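> The structure's right below; bear with me while I get my questions together.
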Amino acid sequence: MAEDFLNSGRAEETGCLLLDVRMPGMGGLELQRHLAETGQSIPIVFLSARASEEEQCRALQAGAAGFLRKPVSKEALLNAIRAVLQGPVNNEQKDLL
């Protein structure tokens, strides 16, 4: 799965990755590390049912935009992805909220 993404040539057009810590082949944390080492800054939201607290901390410390635990509501997942795609809210935008 991760290898397929890396071989796809689509990293530059990717706005967000939704990853699990445990995936067949290269895991989500490994893919996150690989992307960082190769200078590719794609926002990542992790979604996992069995990740340890240590894995969650590693993902977030390495720059993950979010970490959700399964089961997760559709709304929570969509909100996490929207937050990544919309980017950080600046002070002017906060005044409009």
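> Just to be sure I understand the filter: pairs with C-beta atoms under 6 Å, separated by 6 or more residues or on different chains, first member in the range 5-25 and β-branched (Val, Ile, Thr), second member modelled with pLDDT of 95 or more and in a helix (DSSP H, G or I). Which pairs pass?
That search, which allows pairs on different chains as well, returns Val21/Gly28; Val21/Leu29; Val21/Glu55.
> Can I ask one more? Pro71 fails exactly one of the following numbered conditions: (1) out of contact with any Cys (no Cβ under 6 Å at 6 or more places or on another chain); (2) at pLDDT below 95. What is the number of that condition?
Condition (2) is where Pro71 drops out.
> Which condition does Asp95 not pass, out of (1) in a helix (DSSP H, G or I); (2) modelled with pLDDT of 95 or more; (3) surrounded by fewer than 10 Cβ atoms within 10 Å (Cβ to Cβ), if it passes all the others?
(2)
> Next question. Tally time: how many residues in the range 1-51 are in a helix (DSSP H, G or I) and either out of contact with any Lys or Arg (no Cβ under 8 Å at 6 or more places or on another chain) or under 16 Å from Ala80 (Cβ atoms) (or both)? Reasoning before the result, please.
Looking only at the range 1-51, we keep the residues that are in a helix (DSSP H, G or I), and these are 2-8, 11-13, 28-37.
From what is left, the residues that are either out of contact with any Lys or Arg (no Cβ under 8 Å at 6 or more places or on another chain) or under 16 Å from Ala80 (Cβ atoms) (or both) are 2-8, 11-13, 28, 30-37.
Counting residues in the range 1-51 that are in a helix (DSSP H, G or I) and either out of contact with any Lys or Arg (no Cβ under 8 Å at 6 or more places or on another chain) or under 16 Å from Ala80 (Cβ atoms) (or both) gives 19.
> Still on this model: I need the full set of residues from the range 2-25 which are among the aliphatic types (A, V, I, L, M) and open to solvent by 40 Å² or more (accessible area, probe 1.4 Å), in order please.
Leu6, Leu18 - these are the residues of the range 2-25 that are among the aliphatic types (A, V, I, L, M) and open to solvent by 40 Å² or more (accessible area, probe 1.4 Å).
> How many residues are open to solvent by 60 Å² or more (accessible area, probe 1.4 Å) and either modelled with pLDDT under 95 or at positive phi (or both) if we restrict to the range 51-64?
Qualifying residue count, the range 51-64: 0.
> Within the range 62-89, work out how many residues are under 22 Å from Glu30 (Cβ atoms) and either more than 12 Å from the chain's Cα centre (by Cα) or not in a helix (DSSP H, G or I) (or both).
9
> Also, quick follow-up: So, Gln40, is that one within 16 Å of Gly27 (Cβ to Cβ), of a type outside the set (Val, Ile, Thr) and surrounded by 11 or more Cβ atoms within 10 Å (Cβ to Cβ) or not?
For Gln40, the condition - within 16 Å of Gly27 (Cβ to Cβ), of a type outside the set (Val, Ile, Thr) and surrounded by 11 or more Cβ atoms within 10 Å (Cβ to Cβ) - is not met.
> Val84 versus (1) of a type outside the set (Ser, Thr, Tyr); (2) touching a strand residue (DSSP E or B) at 6+ places or on another chain (Cβ under 8 Å); (3) modelled with pLDDT of 95 or more: which is the lone unmet condition?
(3)
The values are calculated or read from the model by the stated rules, or taken from the named source; none is laboratory data. Since this is a predicted model, take the numbers as computed values, not measurements. Every residue, glycine among them, receives a Cβ derived from its backbone with ideal geometry; neighbour counts consider all protein chains shown. Heavy atoms of the whole protein, side chains included, go into the accessibility calculation; ligands, DNA and RNA do not. Shrake-Rupley method; radii C 1.70, N 1.55, O 1.52, S 1.80 Å.
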